[in-house]
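A.B. asks: Here it is, the structure, as structure tokens.
The values are calculated or read from the model by the stated rules, or taken from the named source; none is laboratory data. Everything numeric here is computed off the predicted structure, so don't read it as measured data. Note that we place each Cβ from the backbone using ideal geometry, even for glycine, and neighbour counts take in every protein chain shown.
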Amino acid sequence: MTAPVYMFDAADKPSLPAHPVPLIRATGETLKGYGCLVDDPESFEIEITRWPAKGWRPVDEDSGDEGGVAEGIFHSDWRGDVLFGANAAVAGNYVLGWSAADPRTASAETRSAPRRAVYLWHMNYHPDGGQLFFPLDNKPFVVPAALPGDDITPDKVVAFWCDGGQGLYIHADIWHEGVFPVTDSQRFLDRQGKVHARVSCDFGAEFGVYLEVPLPETL
């Protein structure tokens, strides 16, 4: 597999069928196994995964989890039909998805399609630690997610709708993508493991579909 390219012209992506993703309201109950809701980011601790042992000798218990936490602002911005993400915590820039069912018609200059859904091409997970998205603008947002396991398939993906009053925290190894705002632009405090290991899946290349993630203002 080749490493994913995160910045591109959406219109260069092929036309593919859409796989609908179930939308779930994020609560303490529905997030079990994925993570949790966070009221106060300042008092919340990001989990860091201990470095795995290479052989039968274990890693010393007071070592291997000292890489620390990266922090910055995650910006999610719609430009025309295309949703862009910029994560200052890890100096990352991404095309997260688009609102046109056919990416060949998606324009980053003008809005030609209603934003009822995000058509998602990619997800990843971080084996080195958890990640917190805390909204700074108190607006609803959506985050796609799937439980751990490299044998991910489109039917294993769900999307969590958050009302914007709390942050969303996901454990290490949880498949996810950046944050999807229901408005034109939104900012999030992002905290995650500083090692920032990333394991990716390109759904278009691997399964011949894009994930259709609903984007309602209310739920």
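A.B. asks: Only residues that are surrounded by 12 or more Cβ atoms within 10 Å (Cβ to Cβ) and touching a residue at least 60 places away in the same chain (Cβ under 8 Å): list them for the stretch 26-41, please.
C.D. replies: Ala26, Thr30, Leu31, Tyr34, Gly35, Cys36, Leu37, Val38, Pro41
A.B. asks: Can you tell me which of (1) in contact with a Cys (Cβ under 7 Å, 6 or more places away or on another chain); (2) over 21 Å from His19 (Cβ atoms) is the one Ile152 doesn't meet?
C.D. replies: (2)
A.B. asks: While we're here: Of the conditions (1) closer than 19 Å to Ala89 by Cβ; (2) modelled with pLDDT of 95 or more; (3) not hydroxyl-bearing (Ser, Thr, Tyr), Gly165 satisfies every one except a single condition; which number is it?
C.D. replies: (1)
A.B. asks: Go through (1) part of a loop (DSSP other than H, G, I, E, B); (2) more than 19 Å from the chain's Cα centre (by Cα); (3) in contact (Cβ under 8 Å) with a residue 40 or more places away in the chain for Ala11 and report which single condition fails.
C.D. replies: Looking at each condition in turn, Ala11 falls short on (1).
A.B. asks: Criterion first (farther than 24 Å from Ala88 by Cβ and modelled with pLDDT of 95 or more) does Leu219 satisfy it?
C.D. replies: no
A.B. asks: I've got another one for you. Give the residues of the stretch 105-122 that are among the small types (Gly, Ala, Ser), surrounded by 14 or more Cβ atoms within 10 Å (Cβ to Cβ) and farther than 20 Å from Trp161 by Cβ, sorted by residue number.
C.D. replies: Hits for the stretch 105-122 are Ala106, Ser107, Ala108, Ala113.
A.B. asks: Within the set of pairs 6 or more residues apart or between chains, which connect a residue that is at positive phi inside the stretch 57-73 to a residue that is assigned to a loop (DSSP other than H, G, I, E, B) and polar (S, T, N, Q) with Cβ atoms less than 8 Å apart?
C.D. replies: Nothing qualifies.
A.B. asks: Next question, about the same structure. What is the number of the single condition among (1) closer than 19 Å to Trp175 by Cα; (2) more than 18 Å from the chain's Cα centre (by Cα) that Ala113 does not meet?
C.D. replies: Unmet condition: (1).
A.B. asks: So which residues in the stretch 70-88 are more than 20 Å from Val213 (Cα to Cα) and surrounded by fewer than 19 Cβ atoms within 10 Å (Cβ to Cβ), if there are any at all?
C.D. replies: The answer is Glu71, Gly72, Ile73, Ala88.
A.B. asks: How many of the residues in the stretch 123-157 are buried (at least 17 other Cβ atoms within 10 Å of the Cβ) and over 24 Å from Ile73 (Cβ atoms)?
C.D. replies: Number satisfying all stated conditions: 4.
A.B. asks: Follow-up question, since we're still on this one. In the stretch 65-88, what residues are at pLDDT below 95 and not charged (D, E, K, R)?
C.D. replies: Those that are at pLDDT below 95 and not charged (D, E, K, R): Gly67, Gly68.
A.B. asks: Which pairs have Cβ atoms under 6 Å, sit 6 or more apart or on different chains, and link a residue in the stretch 117-138 that is more than 22 Å from Asp65 (Cβ to Cβ) to one that is modelled with pLDDT under 95 and assigned to a loop (DSSP other than H, G, I, E, B)?
C.D. replies: As it stands, the answer is His122/Pro4, since those pairs meet every condition given.
A.B. asks: OK, next. Only one of (1) on the phi > 0 side of the Ramachandran plot; (2) touching a helix residue (DSSP H, G or I) at 6+ places or on another chain (Cβ under 9 Å); (3) among the small types (Gly, Ala, Ser) is not met by Gly167, so which one is it?
C.D. replies: If we test Gly167 against (1) on the phi > 0 side of the Ramachandran plot; (2) touching a helix residue (DSSP H, G or I) at 6+ places or on another chain (Cβ under 9 Å); (3) among the small types (Gly, Ala, Ser), just (1) comes out false.
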